[in-house]
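Asker: Take this structure, written in structure tokens, and hold onto it; I'll ask about it next.
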Amino acid sequence: MYVMEVLQCDLCYKTFGKQDTLRKHKSRSHPPPDRPPPELLSCNNCKFTTIYKYNLATHMKKHARPRKEKVGAQLKACGLCNTFQSIDRAEVINHYQDSHEVKITEETLFFSNDEQVEAWKRGVESAECCKFIIRGGIRKRRNAVVNYLFCFRDGCYKPGKGTGKRKMKVTGSCKIGSVCPASIRMVKNTTTGEITVKYIARHVGHRSDLFRKNLTKEEKDSIATKLAAGVPISSILDSIRDSIPFNGEVSRIHLITRKDVWNIRASLQLPNDTVKQDDRSSVESWLDSLANYSKVVQFYKRQSAQLFSHHEINEEDFILILVLPCQVETLQKFGNGCVCFDRTTNTAYSFELTTLLVQDDQQCALPCGYMISNRSDCHFIRLFLEIIKDLLKHPISPKVLLSDTSDMYFNAWNTVMPSPVRWLYCSWRVDQSWKQHLNQVSDATKRDSTYKLLRSMADEPDKDAFYILFEGVKRIIYNDPDLLDFAEHFNREYAGNVERWAFFCQKDCSIGANMLQESMQEVLKWYNLNGKKVKTIGRGLSALLKFTKEKIIGKVAEKSIKLSPELVAIRGAHEKSTTLKSKLIPIQCGYMISSESDDSDLYYIVTRLRVICSCALRCDSCGICEHEYSCTCPDTDKSIICEHVHRIATYEKDKRAANQDSSDGEFYVADDFEECFESSDTVQSSENKLEEEKSAFISELTSLVESVTNIAQLEVIKKAFASVPQTVKALEPSFTSTNECT
């Protein structure tokens with residue numbers, strides 16, 4: 001019987017069956033002290049290192065074998081440079097570390113049960129404004145269960161399998177189309193119940209956008225409990241808004257909308273029943289409790305109280321100024337654009353509400369401060385502005401100040417703040433004033449015809465045409481005995497300051513908040529007060545704060561789910577442009593495009609302005625804004641990107657993409673210009689002739705100036721040309737559909 005020899009290491013007492021194996025063990029595990037350290041071998045394709053050539057050769061075979069790509073795997077671009085792409089998550093993370101020097105470290109944590117892990121995970125998600133989700137299910141190992149959780153923004157957007165063409169959200173998908181290395185690996189020992197967590201905290205490729213998070217299960221359960229108890233949705237929203245801390249730290253629950261609550265109600269299949277709201281607390285107790293918070297009530301004076309620091313305020317005056325911290329931030333951010341004063345009176349209690357508004361980047365009106373007082377004059381407005389100025393980090397200098405026809409707002413602003421560039425009247429206030437004074441005319445037919453004439457005059461975009469209508473309106477109202485009272489009002493308030501209310505003076509200011517101000521006041525008086533007018537100041541104050549939270553704080557949530565009316569109009573115009581069967585004639589300054597069909601004789605001129613603009617209102621299909629093109633059609637005067645501009649932009653985009661002269665479809669460049677329009681060559685030749693005449697005149701003028709030998713001769717030339725610019729400007733033609741490009 002053969003007995004295998006057992007060899008034992010004399011240093012570690014490990015046994016071996018062969019002498020060669022024992023020799024290799026001593027060489028590797030117990031090298032002599034004088035032996036130099038072995039050379040470290042590394043892989044050129046990854047970070048694998050070893051001291052053994054055999055191990056390196058075995059590893060290199062992995063790179064030589066073709067990779068089996070997963071079905072439906074998507075390329076993930078680098079979230080920092082967008083130049084590197086790979087379907088392998090590990091390769092993208094290695095690219096972050098090697099090319100961008102992103103430090104990605106792994107932290108190991110130990111927990112004794114699932115409750116501790118869940119509490120730790122909730123704290124991390126709240127602090128980092130993120131969410132970790134399980135991807136791929138649970139992996140079961142011997143005596144262990146492994147879970148892999150990744151950042152919810154990691155990965156690529158996968159469109160649905162249906163055939164619908166649903167538009168992407170305004171803010172896009174929450175997936176960044178790249179790799180976020182933040183992850184959690186949880187290994188639970190099924191024997192002891194202990195959990196080992198390996199956590200990578202570094203996020204790459206995205207910001208901590210609060211509105212992209214979902215409500216947590218605990219928050220949904222809390223709302224569901226209130227709904228099941230019969231609490232009205234408005235009361236739930238009020239309690240959530242009231243829980244916002246005064247330091248401005250807003251969490252995801254504070255961005256909840258009425259639609260979110262309705263979705264929770266629908267998921268629980270609760271009946272749509274409500275309970276009666278409790279009566280509000282008294283006005284004085286409400287003010288006393290709120291006055292302790294200086295960040296909300298900035299100034300307050302009760303009636304029958306003497307205020308010696310402000311002598312212009314009488315003892316019987318009442319004034320309350322409310323400014324929230326979020327309103328200060330909004331005013332500081334958008335205050336250099338368009339600022340507006342609006343005043344609403346309460347005839348029942350003789351209190352007036354003065355609101356300071358700004359226009360944001362989406363042309364929406366946002367309230368930035370309230371003053372409730374028994375009267376409004378220049379002293380009160382100046383006090384209102386002084387309080388707001390103290391809250392700002394630095395004074396604001398708006399380009400446009402909007403108000404009604406009273407000059408107290410403009411005078412008070414110039415006293416406290418830097419003067420605005422322009423002072424304009426709110427168009428809907430002007431319209432309201434005209435309607436009120438025309439109501440005194442007994443003849444309804446004459447009243448309606450006069451109002452239509454006034455509106456057509458005010459909305460005229462061309463300056464020369466406006467003044468023609470302006471003179472005609474004055475002749476009509478001054479010569480009609482029934483309109484003499486209105487004529488006096490018009491002459492006193494509007495005839496001498498046309499530049500403050502005419503549309504041709506306002507169209508270049510990008511003002512889109514006029515009608516939104518009116519809708520804001522309607523929401524304030526009707527919706528927030530459940531369809532009832534203000535009966536007490538206490539209910540009005542509560543409505544003000546509620547409206548502010550819904551308008552400003554709720555606007556963050558609306559960015560992800562709600563389209564602005566302007567963006568809806570832009571998308572509608574683009575959809576209409578796809579159905580146009582238009583002819584196109586290229587000219588020097590742009591294109592001439594037929595209005596609707598091939599048989600139309602009406603042409604518009606579309607010009608590319610070549611401006612670099614950072615507008616937020618852009619067509620998501622064309623990628624253009626209203627400042628990049630101009631068109632001679634009437635829609636352009638309404639600050640709308642018309643369908644002709646969309647069609648030209650689509651044509652140029654397709655032309656660049658396909659590298660050809662015309663786009664596909666029925667939109668084409670006309671070959672026979674004489675059939676489409678009288679003659680494109682005539683337009684081109686006239687433009688060339690103009691350029692030749694200008695060059696010749698410049699040469700003559702240059703020779704004349706160079707021939708001057710003394711100051712007297714130069715003064716004669718300058719005096720002769722003094723009135724030339726005004727004369728040339730007066731001869732500028734109005735832009736019509738058949739004019740040349742200016």
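Quick note: the coordinates plus some simple rules give every number you see, no bench work behind them. A quick note: this is a predicted structure, and the numbers were derived from the prediction, not measured. Methodologically, a virtual Cβ is constructed for each residue, glycine included, from the backbone with ideal geometry; neighbour enumeration extends over all protein chains shown.
Asker: Under 13 Å from the 7 Å Cα→Cβ point of GLU312, by amide nitrogen: which residues of the range 369-395?
Answerer: In the range 369-395, the label zone of GLU312 (backbone N under 13 Å from the point 7 Å along Cα→Cβ) covers 376-387.
Asker: What pairs in LYS158/LYS226; LYS169/LYS226; LYS389/LYS546; LYS167/LYS213; LYS220/LYS546; LYS220/LYS549 have C-alpha atoms more than 26 Å from each other?
Answerer: LYS158/LYS226; LYS169/LYS226
Asker: Counting other C-beta atoms within 10 Å, which of HIS100, HIS311 has the fewest, and how do the rest follow?
Answerer: Result, fewest neighbours first: HIS311, HIS100.
Asker: Taking the Cα centre of the range 429-509 as origin, sum charge times position over the Cβ atoms of Lys and Arg (+1) and Asp and Glu (-1), and report the length of that vector in debye to the nearest 20.
Answerer: 140 debye
Asker: Compute the distance in nm between two label points, each set 7 Å from the Cα along the Cα-to-Cβ direction, one at THR225 and one at GLU194.
Answerer: 3.6 nm
Asker: To continue, here is another question. Note down the nm distance, to one decimal, between modelled labels 7 Å out along Cα→Cβ at ASP635 and at SER234.
Answerer: Taking the simple label geometry, ASP635 and SER234 are separated by 3.9 nm.
Asker: Take each of the peptides 194-207, 135-148, average the number of other beta-carbon atoms within 10 Å over its residues, and list them starting from the highest.
Answerer: 194-207, 135-148
Asker: Sorted from fewest to most neighbouring beta carbons within 10 Å, what does the list THR650, THR58, THR50 look like?
Answerer: THR58, THR50, THR650
Asker: Further, regarding this structure: For LEU109 and LYS389 in the same chain, what is the full-extension length gain: residue separation times 0.36 nm, less their Cα-Cα distance, in nm?
Answerer: Stretched fully, the LEU109-LYS389 segment lengthens by 95.8 nm.
Asker: Can you tell me how much longer the chain between PHE721 and ARG142 gets when fully stretched, taken as 0.36 nm per residue apart minus their C-alpha distance, in nm with one decimal?
Answerer: Gain on extension, PHE721 to ARG142, equals 198.8 nm.
Asker: Follow-up. Set the Förster radius R0 to 51 Å, insert the Cβ-Cβ distance between SER695 and ARG422 as r into 1/(1 + (r/R0)^6), and round the FRET efficiency to 0.05.
Answerer: 0.85
Asker: Where does each of TYR467, TYR54, TYR604 land when they are ranked from fewest to most other beta-carbon atoms within 10 angstrom?
Answerer: TYR54, TYR467, TYR604
Asker: Set the Förster distance to 30 Å, then compute FRET efficiency between VAL102 and LEU40 from the Cβ-Cβ distance, nearest 0.05.
Answerer: Result of the calculation: an efficiency of 0.75.
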